[in-house]
Amino acid sequence: MGLLTWLRERLGLQAPAAGPPAGAAPPQAAPPPSIPPAIPPSAAAPAEAPVAAPLREEADAAAFQAGCDRRHAFWQAVGQVEDDVLTPLISPSFTGGPAWPSTRQAYRVVRRGHALVLATDGLSDPFDGVQGAGNGFGLELFLETGDIAAEFAGLPGDVSGLSRSWAFELLSHVAGTVAGAGGILPQLERHGVLSMELPGVSRARSLPDQLPPGFVTEDDALGLLLGGPEPDFPTLIADMPLSPVRMVPVVLLKAAELTALRQGGAEARHRLAGRLAASTGHRSSLGRPAVN
């Protein structure tokens, strides 16, 4: 089952009459990238027996802080972690946007030589008000690239321009979709690598101006791989306070590669992940040729 098909079922959207092979989303006209309705965190897992309120709040706060510390230590082993995070002034969950496990929706910035990593920081927070549900959706998403223009990438210590970059807009839309679906960890564990589409790219804020030709399909969509290729660092934080957390790469695809996925399904998806692993790997490169 492709990620888009699975998301349609979870969100109650009507599927096309005749879909493409498994693992590929159908080509169709669609609205611009949008954030789906939130799935209540309470539906993710049952709560444990009630605990005295002060003790529960103290345990929740300790687990939350421990999770933040573990993620920070993880990224410190990968590169230079910026002290500041990217976060909206008002959580989108308060304005009809996707519900992350807690109201905090943040993005980490990690500098690796000439490349930058943007990573969600909160999809694995403990669920607000829910006991025994583990570390949120059990994953965080990240996108690594060396192709963010200097005016947006800034210098070490300055992350203010990154929220206007194509990489941040792309990652934030994927994060909203994943959060709105209630997470995708079971699908990743079953299929290994997932494919995804973002439609309506021409109406996005930064993507049309910052992406070169060759990425957007004729029907105005972008293709992505989630979960592969594997990066050059570990992707599992096993010692999170409540449950292990997987760091999931998000890789931007060329238009020709998305077309191949639509036609070839799961087999094409795994073949593409293998070819990317042998070339640019998990990094999203704006200057690479298609490898389908």
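Quick notes
- Qualifying residue in the range 174-185 (condition: open to solvent by 10 Å² or more (accessible area, probe 1.4 Å), closer than 16 Å to Pro249 by Cβ, assigned to a helix (DSSP H, G or I) and not hydroxyl-bearing (Ser, Thr, Tyr)): yes
- All conditions in (1) assigned to a helix (DSSP H, G or I); (2) touching a helix residue (DSSP H, G or I) at 6+ places or on another chain (Cβ under 8 Å); (3) closer than 30 Å to Asn135 by Cβ hold for Glu257, with the sole exception of (3).
- Yes/no for Leu194 being over 27 Å from Gly79 (Cα atoms), crowded, with 22+ Cβ neighbours inside 10 Å and either in contact with a helix residue (DSSP H, G or I) (Cβ under 6 Å, 6 or more places away or on another chain) or β-branched (Val, Ile, Thr) (or both): no
Residues are listed down the side, and each one gets a yes or a no for (1) out of contact with any His (no Cβ under 7 Å at 6 or more places or on another chain); (2) open to solvent by 20 Å² or more (accessible area, probe 1.4 Å); (3) free of Cβ contacts under 8 Å to residues at least 40 places away in the same chain; (4) not aliphatic (A, V, I, L, M):
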residue	(1), (2), (3), (4)
Gly146	no, yes, no, yes
Leu198	no, no, no, no
Pro208	yes, yes, yes, yes
Asp220	yes, yes, no, yes
Pro229	no, no, no, yes
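- Of the criteria (1) in contact with a Lys or Arg (Cβ under 8 Å, 6 or more places away or on another chain); (2) within 28 Å of Arg203 (Cα to Cα); (3) modelled with pLDDT of 95 or more, which one Trp75 fails: (2)
- The residues in the range 274-292 that are in contact (Cβ under 8 Å) with a residue 40 or more places away in the chain and among the basic types (Lys, Arg) can be counted, and the count is 1.
- Qualifying residue in the range 152-167 (condition: of a type in the set (D, E, K, R), at pLDDT 95 or above and either crowded, with 22+ Cβ neighbours inside 10 Å or touching a Cys at 6+ places or on another chain (Cβ under 7 Å) (or both)): no
The values are calculated or read from the model by the stated rules, or taken from the named source; none is laboratory data. Model, not experiment: these values are computed from the prediction. Glycine also receives a Cβ, built like all others from the backbone with ideal geometry; neighbour counts cover every protein chain displayed. Just so you know, the surface numbers come from the protein's heavy atoms only, side chains and all, with ligands and any DNA or RNA stripped out. Shrake-Rupley method; radii C 1.70, N 1.55, O 1.52, S 1.80 Å.
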